[in-house]
């Protein structure tokens with residue numbers, strides 16, 4: 001019986017193997033059918049395609065298919081989170097399928113270089129390509145594409161004792177290159193209050209592929225560290241540290257032209273009411289926008305319809321205070337919560353992330369919860385995402401550019 005069983009197994013095994021489809025069957029399909037399959041996949045599934053085998057990865061990176069994938073991903077919205085845990089930093093992703101309420105569980109993305117840089121901050125992003133900075137020692141800077149797992153280490157950033165620095169990152173259309181901008185504030189504010197300290201900052205620039213940082217001289221600004229840069233109209237934008245003018249504290253809005261490498265002041269919608277309020281930046285339909293923290297937890301979002309024209313600022317949204325379910329208004333932060341809040345939102349409880357395709361506004365609360373606000377119905381909707389980290393920051397929301405997300 002044992003010999004008969006062994007013989008039957010030997011005979012049946014080739015038949016089962018013959019029925020199994022080849023692993024690279026996708027590469028044998030017509031190109032139009034492959035694009036049709038890709039168009040039905042959420043972003044997380046497109047990511048999985050990249051890691052199945054070499055032939056599938058090559059197919060997803062095929063220059064003839066990449067332009068079509070860019071069109072597909074515009075309709076596949078996604079969120080990328082940065083979370084800081086007691087052990088190591090992580091990057092996570094969640095899909096938007098058809099509506100903000102229909103979100104799949106979080107997918108953890110662990111960059112392959114994290115063994116040499118376990119703790120990092122996401123200091124900038126562009127079309128889903130992330131710029132990561134070593135938060136422990138400040139001696140490493142990486143460009144990382146979570147969609148292709150491409151990464152590149154930049155030359156060591158400039159370091160000075162007691163320095164503070166902000167980093168910007170973007171793509172220059174004219175020269176077709178990526179640039180990283182590091183603004184270093186050397187003054188440790190030992191002898192001056194922060195509001196009146198004299199400027200002592202320098203700007204350094206690094207182009208992707210270059211081996212040296214270029215120092216373009218001193219700059220008269222101190223930028224807010226806890227707010228990330230915004231790229232609009234080929235310019236990086238930052239909010240300056242609050243300073244005193246008479247009895248009032250005020251912040252300015254400054255841009256840096258990535259092509260000409262010069263700074264400019266950008267007019268902001270300052271009225272007597274808005275002067276005393278802090279604000280953060282976001283992009284709405286390609287326009288530079290500012291969210292002001294007003295009284296009683298209210299958030300006002302202003303949009304610059306015509307770039308550079310002060311009179312074109314329009315108040316688009318006014319959002320009342322809201323506390324999502326599961327987020328207590330008063331709670332104690334543990335050590336890691338305090339540590340991470342320094343990179344999320346040091347003093348404010350809510351951050352406007354973006355306006356979604358359906359017109360709702362995505363809001364992040366204290367790095368602990370997400371909700372959307374419908375400006376038409378004036379209603380909030382709390383988002384429940386399976387597997388979301390305890391502490392997080394949304395660093396990318398929307399689509400991404402598959403072509404530019406593959407720098408060489």
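Nothing in this text is a laboratory measurement; each read-out follows from the coordinates by a stated rule. As the structure is a prediction and not an experimental result, all values here were calculated from the model. Neighbour counts run over all protein chains shown; Cβ positions are idealised from the backbone, glycine included.
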R0 = 41 Å: FRET efficiency of residue 112 with residue 379, Cβ-based, nearest 0.05? 0.45
If I model a spin label as a point 7 Å beyond the Cα along the Cα-Cβ vector, how far apart are those points for residue 273 and residue 150 in nm? 4.7 nm
Give me 212, 152 sorted ascending by neighbouring Cβ count inside 10 Å, so fewest comes first. 212, 152
For region 250-314, alpha-carbon Rg over 2.2 N^0.38 Å: 1.15
Mind sorting 240, 273, 203 by how few other Cβ atoms lie within 10 Å of their own Cβ, fewest first? 273, 240, 203
Check: C-alpha center region 111-171 vs C-alpha center region 263-307, spacing in Å is 28 Å
